[in-house]
Amino acid sequence: MLRTTPFHPRTSLINQLQNWRRWSGYYTAGLYEMSHEREYWAIRNAAALFDVSPLMKYLIEGPDAARLLDRIVTRDVQKMSIGQVIYTPWCNAEGKVLDDGTVSRLGETTFRMTSADPNLRWLNLNAAGMDVSITDISDQMAALSLQGPKARVILNRCAAKSLDGLKYFRLMENAIAEVPVTISRTGYTGDLGYEIWMEAANALPVWDALMAAGHDYGIAPAGILALDVARVEAGLILIETDYTAAHHALIESQKSSPFELGLGWAVNLEKGPFNGKQALVAEKAHGSEWMFVGLEVDWVGMERLFHEVGLPPQISPLTLRASLPVFKGSAQVGYASSSTWSPVLKKYIALAHVQKPYFEIGTDVLLEVTVEHQRKYAPAKVVKTPFYEPEWKKK
Amino acid sequence: MTSHTYDAIIIGGGHNGLINAAYLARAGKKVIVLERRPIVGGAAVTEEIFPGFRFTEFSYVVSLLRPEIIRELELPKHGLKILPLPSTFTPMENGDYIAAWDDHDKTRREIYRHSPKDADAYDDYARLMVRMAMAVKPLLSLIPPDLASLSPRDLVGLLKTGLYAASLSEKDLYAVAKLVTQSSGDLLDDWFETDALKGTKSASGIIGTFLGPRSPGTAYVLLHHYMGEIDGAFRAWGFAKNGSGGVTASIASAARALGVEIRTDAPVKQVIVKNGRAVGVALENGDEFHASVVVSAADPKRTFLQFVEPKYFPDEFITQIRNFRVRGSSGKLNLALSELPNFTALPGEGELHRGAVSISPSIDYIERAFDDAKYGQVSRRPYIDIIIPSMIDPEMAPPGQHVMSCFVQYVPYDVEGGWDESKKEAFAENVIATLEQYAPNIRRAIIGKQIITPVDIERIAGITGGNIFHGELLLHQLFFLRPAPQWADFRTPLPGYYLAASGAHPGGGIMGAAGKLSAQEILKDGLR
Ligand SMILES: Cc1cc2nc3c(=O)[nH]c(=O)nc-3n(C[C@H](O)[C@H](O)[C@H](O)COP(=O)(O)OP(=O)(O)OC[C@H]3O[C@@H](n4cnc5c(N)ncnc54)[C@H](O)[C@@H]3O)c2cc1C
């Protein structure tokens, strides 16, 4: 059996299709209703509640905590203020990405790190000789993510302290249903959103309080399918879908540097030594061979492919996590790793790895699609990500 | 008196007028929209009638808004969001219900509960309707060819020019031709036996008409309902965020971004004609605006019988416009509620409250509702199409309270003895009493109501006769016959004067096709 999260007593009752996926050895809901449509629109127009308990979570404490993390991740941890959260990738010595996640500074010498993959060994290897303690708190700590334009009013209705002053990528101690929680203004949807961290043993009252407070604002529990659409719209990468963790790669070409994943903004080459720095300095000097970009499919061109066989466009409402070749003329110049119909933009969009020089914004390329069992090529353009960023995301 | 000069003046800031303006501005033209009301939108407006309660006052669902317009004007960038309206719930007179949910299997099981035979037929019927919608839908974005008359054979020829023609068989095309002349009642009797299922489906065939489900021609209107379905993931069908006014707001924002000047509180009195050509307009207050072309995005009666002196039009044309049927037959009751209606057939808050609720227990029920209207009465037990916008978009009402939109038929424009306050109250009472039969808590939940009769539609939205589509979607008022034979291409007998709203091809609904297609024709005529 896989593990169930602390919210399972609630989520299992409302999962209409009993549609469960796996996430780090836990059961996680694919969707709760018969279709993920309302869950998706809750993210974009109300508020969606995700059980994100399966995230890996580590507590890193001690005089050398900041030094350890600074050595691991590509951003500057020393400069973080207390109550700040950063999103960051981390690399091996060759400057290839091992994982990506968040680092929160809870106190001068206390940090919490979240990641997709287990990192306990990697943290310990890097901590050799340092005065720091590393605890895997993944199972002890439950987490919820409340995402959408109504997230703040809902939290203000049920939290002990107002969320009004909490800035983007900051956290605060708070309480919900008298349960002590940490609330960070973070998420994986590119909308207004918060993540709520609490002891696993106290999880259920928090779920209940949020659901009750959110009732009048259209709150909807939501699963991975809706999340997957929103995160592509937000241009956010997913490990093992959009890139292969360097220590899972079997061949060199499966690995990516942060630059090649479009995470150059999260690489600080100014700070002191860190894993992969040398390689990244060299890559920066030479320029990257690949880039991770957004593709916007030209809908008229896409429609034409369907009209040729006498059909209206038939597009799946689900995010496709499969590789679609990208061409310039007849030469393959890359591949899309995630693609989806965006209901809010009414556009077909994709996240793609594209080779130099075709990754420049505005470049016309072709995306391979299948129409009635035949390979066709839909015209697409390289565009900036995020595809969708509402004005209230950071306000 | 002030005077201004433009390339084009658009009379009426409904969604078609705004779309027309946006397309002309996109082609580099200097355009002004003149709207008589303090707000734009026409029949697509959202207004806060009671503090905190926002009513989607007239139109309430988006069903046909053209995908190419959404795309070309980048409406999502300007705030357009079409939210799903996933189900239709029909409570029945015997205390049971029948529903179409947002899942194929679930719906099939639900129909099976009433009739295994209907459950089977349901799939085949849906497929046929989609295929027919595929045949007809392309016509919505075409200028209708000028055919002298309409016979089924001509229609087939016409359909063959369409986009999906290659994938449709001759048999499909003849099925469409048959549909055009059938009643929705006859069509549905061929397929189903469950009364409430037939009642609900037939209802989409009578919306906006002064016909009953047994009247010929209603089957075609029913097909309109399916047109949105073939958009698939594109989904141009649902409830717009902020109601219909949200659609208008996104179009107005797009138009402004393209340089369109929009003036509200600017009622046009008359079109100025010089040397046999429309050259401008005069407002009620005497202000004049001059332009190379004048576009009316108001209804055909105003456009041809009110804004311009009849002497500029051929007699025959004037007669045709006079005969154009614009009898309003629908009304609305917009409610502010302290709590949700609790349906005895399926108690408690649930999925049904996020979809449509249809009071349409049988074809006979609706036909009887029509019988009342035939003789100048409001239906005692009307057909009602309900949505609860606050359940779909939490911003429509204060938290914990609700707004409910009830579209009601039949509510005749020419009610016997004329409309007055007591008749309006009596109409509202018919609706509430009908609802009470299925959701007994409704009366005590009402904390505010807005009653809209066809006369109110005329008065507020400025649509002559109060017909929701600017003229019924009847066969003799569609395609190349709309609004009059030979004048279905948005041009009018008065040079420089165009029609761009629902009274033109391809008809009413929040569709935008008339606005866009007319802009194309104006540009083709070489607007300088
Ligand atoms: C009660 C009701 C319910 C409906 N429900 C739906 C629905 O759910 N879904 C759907 O798709 N469609 C629905 N419709 C139909 C749809 O709303 C209309 O067909 C559509 O909005 C008409 O748009 P338009 O731009 O063609 O004209 P209008 O919206 O009628 O715009 C015409 C504009 O011209 C203005 N005007 C008139 N005279 C003058 C003047 N002298 N000077 C300046 N301006 C003037 C008016 O004020 C108005 O703003 C409904 C309509 C009604 C009335």
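The values are calculated or read from the model by the stated rules, or taken from the named source; none is laboratory data. The structure presented is a predicted model; accordingly, all values stated were derived computationally and were not measured. All Cβ positions, glycine included, derive from the backbone under ideal geometry; neighbour counts span all protein chains shown.
Given (1) of a type in the set (Ser, Thr, Tyr); (2) within 10 Å of the ligand (Cβ to nearest atom); (3) in the same structural domain as residue B:401 (by TED's automatic domain parsing), where does residue B:296 come up short, assuming only one miss?
It fails just one condition, (3).
What residue, of A:213, A:249, A:209, A:203, is over 20 Å from residue A:388 (Cβ atoms), surrounded by fewer than 18 Cβ atoms within 10 Å (Cβ to Cβ), at pLDDT 95 or above and among the small types (Gly, Ala, Ser)? Walk me through it before giving the result.
Numbers: A:213 fails: surrounded by fewer than 18 Cβ atoms within 10 Å (Cβ to Cβ); A:209 fails: surrounded by fewer than 18 Cβ atoms within 10 Å (Cβ to Cβ); A:203 fails: surrounded by fewer than 18 Cβ atoms within 10 Å (Cβ to Cβ).
The unique qualifying residue is A:249.
Here are some conditions: (1) part of a helix (DSSP H, G or I); (2) within 23 Å of residue A:295 (Cα to Cα); (3) in contact (Cβ under 8 Å) with a residue 60 or more places away in the chain. Residue A:247 meets all but one. Which one does it not meet?
Tallying (1) part of a helix (DSSP H, G or I); (2) within 23 Å of residue A:295 (Cα to Cα); (3) in contact (Cβ under 8 Å) with a residue 60 or more places away in the chain, residue A:247 fails exactly one: (2).
Please go through the range A:299-332 and give me each residue that is within 30 Å of residue A:390 (Cβ to Cβ), part of a loop (DSSP other than H, G, I, E, B) and either within 14 Å of chain B (Cβ to nearest Cβ) or touching a helix residue (DSSP H, G or I) at 6+ places or on another chain (Cβ under 8 Å) (or both), ordered by number.
A:312, A:313, A:314, A:315, A:316, A:317, A:318, A:319, A:321
Quick check: anything in the range B:3-18 assigned to a strand (DSSP E or B), of a type in the set (Gly, Ala, Ser), away from every other protein chain (no Cβ under 14 Å) and within 10 Å of the ligand (Cβ to nearest atom)?
Yes, the range B:3-18 contains a residue that is assigned to a strand (DSSP E or B), of a type in the set (Gly, Ala, Ser), away from every other protein chain (no Cβ under 14 Å) and within 10 Å of the ligand (Cβ to nearest atom).
Rundown of residues vs (1) in contact with a Ser or Thr (Cβ under 9 Å, 6 or more places away or on another chain); (2) surrounded by fewer than 17 Cβ atoms within 10 Å (Cβ to Cβ), yes/no style:
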{"site": "B:231", "(1), (2)": "no, no"}
{"site": "B:234", "(1), (2)": "no, no"}
{"site": "B:239", "(1), (2)": "yes, no"}
{"site": "B:258", "(1), (2)": "no, no"}
{"site": "B:265", "(1), (2)": "no, yes"}
{"site": "B:270", "(1), (2)": "no, yes"}
{"site": "B:273", "(1), (2)": "no, no"}
{"site": "B:276", "(1), (2)": "no, yes"}
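Quick one: residue B:99 ticks every box in (1) within 14 Å of another protein chain (Cβ to nearest Cβ); (2) part of a helix (DSSP H, G or I) except a single one, so which number is it?
(2)
With A:232, A:281 as the choices, which residue is aliphatic (A, V, I, L, M), buried (at least 21 other Cβ atoms within 10 Å of the Cβ) and either touching a strand residue (DSSP E or B) at 6+ places or on another chain (Cβ under 6 Å) or not in a loop (DSSP other than H, G, I, E, B) (or both)?
Working: A:281 fails: buried (at least 21 other Cβ atoms within 10 Å of the Cβ).
Step by step, each of A:232, A:281 is checked, and only A:232 is aliphatic (A, V, I, L, M), buried (at least 21 other Cβ atoms within 10 Å of the Cβ) and either touching a strand residue (DSSP E or B) at 6+ places or on another chain (Cβ under 6 Å) or not in a loop (DSSP other than H, G, I, E, B) (or both).
Here is a check on your reading of the model: is residue A:156 more than 20 Å from the chain's Cα centre (by Cα), outside any loop (DSSP other than H, G, I, E, B) and either closer than 18 Å to residue A:66 by Cα or not assigned by TED's automatic domain parsing to the domain that holds residue A:44 (or both)?
Judged against the criteria, residue A:156 is not a match.
Being away from the ligand (no atom under 16 Å from the Cβ), touching a residue at least 40 places away in the same chain (Cβ under 8 Å), in the same structural domain as residue B:348 (by TED's automatic domain parsing) and farther than 30 Å from residue A:45 by Cα, is that true of even one residue in the range B:391-414?
yes
Scan the range B:337-355 and tell me whether some residue there is touching a residue at least 12 places away in the same chain (Cβ under 8 Å), within 16 Å of the ligand (Cβ to nearest atom) and either touching a Cys at 6+ places or on another chain (Cβ under 9 Å) or of a type in the set (A, V, I, L, M, F, W, C) (or both). I'd like the intermediate steps shown before the answer.
Of all residues in the range B:337-355, those touching a residue at least 12 places away in the same chain (Cβ under 8 Å) come to B:337-346, B:351-355.
Next cut, within 16 Å of the ligand (Cβ to nearest atom) only: B:355.
The next check asks that each one be either touching a Cys at 6+ places or on another chain (Cβ under 9 Å) or of a type in the set (A, V, I, L, M, F, W, C) (or both); those that pass are none.
No, the range B:337-355 contains no residue that is touching a residue at least 12 places away in the same chain (Cβ under 8 Å), within 16 Å of the ligand (Cβ to nearest atom) and either touching a Cys at 6+ places or on another chain (Cβ under 9 Å) or of a type in the set (A, V, I, L, M, F, W, C) (or both).
I need the full set of residues from the range A:171-193 which are under 19 Å from residue A:386 (Cα atoms) and part of a strand (DSSP E or B), in order please.
Filtering the range A:171-193 for residues under 19 Å from residue A:386 (Cα atoms) gives A:185-193.
Residue satisfying the conditions is A:193 alone.
List the strands (runs of 3 or more DSSP E) inside the range A:1-57, counting only whole elements, that have at least 2 residues being more than 14 Å from chain B (Cβ to nearest Cβ) and under 23 Å from residue A:194 (Cβ atoms).
The strands (runs of 3 or more DSSP E) meeting that bar are A:26-29, A:47-51.
Residue under question is residue A:75, and the condition is that it be in contact with a helix residue (DSSP H, G or I) (Cβ under 8 Å, 6 or more places away or on another chain) and either more than 13 Å from residue B:84 (Cα to Cα) or within 14 Å of chain B (Cβ to nearest Cβ) (or both); does it hold? Show your work before the answer.
Numbers: in contact with a helix residue (DSSP H, G or I) (Cβ under 8 Å, 6 or more places away or on another chain): yes; either more than 13 Å from residue B:84 (Cα to Cα) or within 14 Å of chain B (Cβ to nearest Cβ) (or both): yes.
In short, yes.
Residue by residue, here is whether (1) buried (at least 19 other Cβ atoms within 10 Å of the Cβ); (2) among the hydrophobic types (A, V, I, L, M, F, W, C); (3) at pLDDT 95 or above holds:
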site: B:296; (1), (2), (3): yes, no, yes
site: B:300; (1), (2), (3): yes, no, yes
site: B:335; (1), (2), (3): yes, yes, yes
site: B:352; (1), (2), (3): yes, yes, yes
site: B:361; (1), (2), (3): yes, no, yes
site: B:375; (1), (2), (3): no, no, no
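What do you reckon, is residue A:335 assigned to a strand (DSSP E or B) and of a type outside the set (Gly, Ala, Ser)?
yes
Considering only the range B:441-489, state which residues are more than 16 Å from the ligand (Cβ to nearest atom) and either in a loop (DSSP other than H, G, I, E, B) or within 14 Å of chain A (Cβ to nearest Cβ) (or both).
B:441, B:484, B:485, B:486, B:487, B:489 - these are the residues of the range B:441-489 that are more than 16 Å from the ligand (Cβ to nearest atom) and either in a loop (DSSP other than H, G, I, E, B) or within 14 Å of chain A (Cβ to nearest Cβ) (or both).
Report yes if some residue within the range B:195-215 is at pLDDT below 85 and surrounded by fewer than 21 Cβ atoms within 10 Å (Cβ to Cβ); otherwise report no.
No, the range B:195-215 contains no residue that is at pLDDT below 85 and surrounded by fewer than 21 Cβ atoms within 10 Å (Cβ to Cβ).
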